[in-house]
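Here, each number is a calculation from the coordinates, and none is a lab measurement. All of these numbers come straight from a predicted model, not from anything done at the bench. Reconstructed Cβ throughout: ideal geometry from the backbone, glycine too, with neighbour counts over all protein chains shown.
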Amino acid sequence: MADTILSVAGVSKTYAGGTTALHSVDLDIRRGEIFALLGPNGAGKTTLISIICGIVTPSTGSITVDGHDALTDYKAARGMIGLVPQELSTDAFETVIATVTFSRRLFGKSGHSAYIEQVLRDLSLWDKRKSKIMQLSGGMKRRVLIAKALAHEPDILFLDEPTAGVDVALRRDMWKLVHRLRERGTTIILTTHYIEEAEAMADRVGVIAKGKLLLVDDKAALMAKLGKRELDLALAEPMATIPAALANWDLSLQDEGRRLRYVFDARAEHTGIPSLLRTLGDLGIGFTDLETSRSSLEDIFVDLVQSRDAA
């Protein structure tokens, strides 16, 4: 069994007004892995991270960080965690190096200039170290947030929607940085609603929706489910039933028989589309238009819930 560095057991959050943001979440994070918490906006990702990091108090449950109880041994547990929040919240009038050094000292560490320099160099911030935060671009400010989170050498790094609203170049830089950190032994947990981000970065993926952790799976297994595509054919003539000759394909009728939908695995070596189109021609079934689409996150969540309930 893999070494667990973070354990969340039965954690829920219900606010005073009666709104439940999290429903009894159980989650174990393995030491040294990159774990992606995937879900739409409002799914409960930030609430869960905020509870683990001690920003929000859970209604029920316990959190253990490398053997330290996050509630009763808060200082030791929090000292192992670095958090990069979604919001750009920094002291606009401080210099980059001053704000990062201050973050390090908050955790009782000396102003270790060699370590701070390395962090700033890794994040392409060294040349901006004497600049005030207010003078930086949005992308550079986000890099400063990462530097602040890494300043005290945490064992676990949380990245809450790390690439939301950033350009493609910064997104790629951040992906590279995350992999470098993992190579050094840092455990990384990121929240995202981008499927491609989870695919590019994570070892394991958890899917959360409406405050419920639907499943946790290795990336390869989950991405196979997320690889589903749909081909919609606008039929020249409405169809009442699907002919038996088309039983080899996963087909369904939509729009009162005016559209024929084929669900297929885009990652498969053979999608079955060319043979389907040939067979339709052989059967004299005409179509006026066709389009392909990827299942939406919402559709995927529904599929995952249904497959879990059926198991």
Can you pull out the residues in segment 1-21 that are touching a residue at least 12 places away in the same chain (Cβ under 8 Å) and of a type outside the set (S, T, Y)?
-> A2, D3, I5, L6, V8, A9, G10, V11, K13, A21
Of residues in segment 39-81 being in contact (Cβ under 8 Å) with a residue 60 or more places away in the chain and charged (D, E, K, R), the one surrounded by the most Cβ atoms within 10 Å (Cβ to Cβ) = K45
Failed criterion for S131 (all others in (1) under 26 Å from the mean Cα position of the chain (by Cα); (2) more than 20 Å from I188 (Cα to Cα) hold) | (1)
Report yes if K109 is within 25 Å of Y74 (Cα to Cα), touching a residue at least 40 places away in the same chain (Cβ under 8 Å) and touching a helix residue (DSSP H, G or I) at 6+ places or on another chain (Cβ under 6 Å), otherwise no.
-> no
Scan of segment 195-233 for residues that are in contact (Cβ under 8 Å) with a residue 60 or more places away in the chain and within 15 Å of P162 (Cα to Cα), ordered by number | I195, E197, A198, M201, A202
Over segment 23-74, the set of residues hydroxyl-bearing (S, T, Y) and closer than 19 Å to I5 by Cα is S50, S62, T64, T72, Y74
